[in-house]
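The values are calculated or read from the model by the stated rules, or taken from the named source; none is laboratory data. If you're wondering where the values come from, they're calculated on a predicted model, not measured in any experiment. In this analysis, Cβ positions are derived from the backbone assuming ideal geometry, glycine residues included, and neighbour counts consider all displayed protein chains.
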Amino acid sequence: MASPYLPILIFFACGIGFALLSVLGLGLFLGPKRYNAAKSMAYECGIQPSPRAEQGGRFPIKYANTAMLFIIFDIEALFLLPFAVMFDQLGLYGLLAMTLFLVNAFFIADAYVWRRGGLDWD
């Protein structure tokens with residue numbers, strides 16, 4: 001007698017097999033084999049790389065700060081959804097815990113980035 005989870009395992013095996021075949025198998029056979037100077041250069045959003053980045057120097061990380069802020073908002077939304085669903089059952093303790101979380105994750109992180117000038121786009 002077959003397990004009820006057998007179709008799920010077959011589905012995952014097919015997905016993993018397709019991913020491996022696509023990335024490893026077809027990429028090796030169909031991908032270009034010749035590398036040139038343009039492919040080995042640093043890539044910065046479609047523009048010519050700055051000389052500081054090519055020489056290993058420091059470069060601005062404003063895009064990384066924006067990405068980290070987005071992740072903070074994402075995690076905040078992820079934790080707010082179960083809180084909103086269970087709001088009636090959690091009571092005052094749940095409200096205080098979520099308020100503490102929001103102050104910690106949102107306001108302190110934003111104040112830190114704002115004071116450091118991470119939101120200024122020159």
Scan the stretch 33-47 and tell me whether some residue there is modelled with pLDDT of 70 or more, hydroxyl-bearing (Ser, Thr, Tyr) and more than 30 Å from GLY117 (Cβ to Cβ). yes
I'd like the residue in the stretch 48-62 that is assigned to a helix (DSSP H, G or I) and surrounded by 10 or more Cβ atoms within 10 Å (Cβ to Cβ) and, out of all such residues, is modelled with the highest pLDDT. LYS62
Would you call LEU69 without any contact (Cβ under 8 Å) to a residue 24 or more places away in the chain and part of a helix (DSSP H, G or I)? no
